[in-house]
Amino acid sequence: WKGTDRFFNKDGTVTHALPDIIAVMDFETKKHLVSKGVPEEIFEVTGHPLLEMFCQKKFTVKKKMKIRKEMDLPIKKKICLLASEIMHFHSYHQKCDGSNGKCYSIFEMKAGGIPLLRYLQQMEINKDALFIIRQHPNERYKCNHELRFLDWHEADEETVLSVVDEVYGLTSMLFQLSVASGIPAYNVEPFLDEWKPNNSVIHQELWE
């Protein structure tokens, strides 16, 4: 659903460098791109195999405790996962080089006048929770000692999701996987003071 501007030039015209076939996850995505001028005949609606696979995952309490021990995570403490992503304040075809405004983590955005991370930590249901954060591969977000960072080389998506009790996120694939897995997942958009779908490189109609 994200980054569909890759099929267009800077002026909004359809690129000549289109593939012969574009596989999309749903009819909404196909409809959006066709409305923008991409030829309808090159689309195949395929669903999303990884999301469908995660719909079949069974995360048992026994497995959760076992992996928590292996990863040196508290056995009984509530663990909240932050599925991070980068917020962009420029167009798709511009670089994240600071010249178009600073790009930063979703959890640095303001919620109730304070950083979203702090806002989530102060929520009554999260008072005693441990927060772990999984960054986007391109992200360089560094913050305080209260967070446990899970690097990509440390654990894959299935391992990460198997140990957590709740997930907070917005448009990242890790957040979508948590929903598919049946883990309690909270979309942070209602908490944010200001956010637009284009900050996550997604068009308004696809977000809706």
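Descriptive notes on the structure:
- Among beta bridges identified by DSSP and lying wholly in the chain, the antiparallel ones come to about 25 percent.
- Full extension of the segment from VAL179 to ASN126, taken as 0.36 nm per residue of separation minus the current Cα-Cα distance, would add 17.1 nm.
- ARG148, ARG134, ranked by accessible area, largest first (probe 1.4 Å): ARG148, ARG134
- Computed from the Cβ-Cβ distance with R0 of 22 Å, the FRET efficiency linking ASN198 to VAL34 stands at 0.65.
- Legend: calculated FRET efficiency, TYR92 to MET71, from the Cβ-Cβ distance at R0 = 30 Å, rounded to 0.05, equals 0.25.
- Shape category assigned to segment 89-208 from the gyration tensor of Cα positions, a/c cut at 1.5: rounded
- Under a 5 Å amide H cut-off, with hydrogens placed 1.01 Å from N, SER105 pairs with MET87 among residues at least 5 apart or on other chains.
- Computed from backbone phi with θ = phi - 60° and the Karplus coefficients 6.51, -1.76 and 1.60, the 3J(HN,Hα) list for segment 69-83 is 4, 4, 9, 6, 10, x, 6, 9, 6, 5, 10, 10, 9, 9, 8 Hz; x is used for glycine and proline.
- Between the residues ILE132, PRO115, ALA155, the greatest Cα displacement towards the positive end of the dipole of segment 113-199, with unit charges on the Cβ of Lys, Arg, Asp and Glu, is found for PRO115.
- Segment 1-134 shape via C-alpha gyration tensor axes, a/c threshold 1.5: oblate
- ³J(HN,Hα), Karplus 6.51/-1.76/1.60, whole Hz, each residue of segment 179-196, x for Gly, Pro: 5, 4, 7, x, 7, x, 10, 10, 6, 7, 3, x, 7, 6, 5, 8, 7, 10
- In this label model, GLU158 and ILE114 are separated by 3.9 nm, measuring between points 7 Å along each Cα→Cβ vector.
- Förster radius 22 Å - calculated FRET efficiency between TYR104 and LYS10, Cβ distance, rounded to 0.05: 0.35
- Over the chain: helical MRE at 222 nm, DSSP H runs n ≥ 4 each giving -39500 (n - 2.57), nearest 500: -6500 deg cm²/dmol
The values are calculated or read from the model by the stated rules, or taken from the named source; none is laboratory data. The structure displayed is predicted, hence computed values, not measured ones. So basically every Cβ, Gly included, is an ideal-geometry build from the backbone, and we count neighbours across all protein chains shown. Side chains are part of the model used for accessible areas, which takes the heavy atoms of the whole protein and leaves out ligands, DNA and RNA. Shrake-Rupley method; radii C 1.70, N 1.55, O 1.52, S 1.80 Å.
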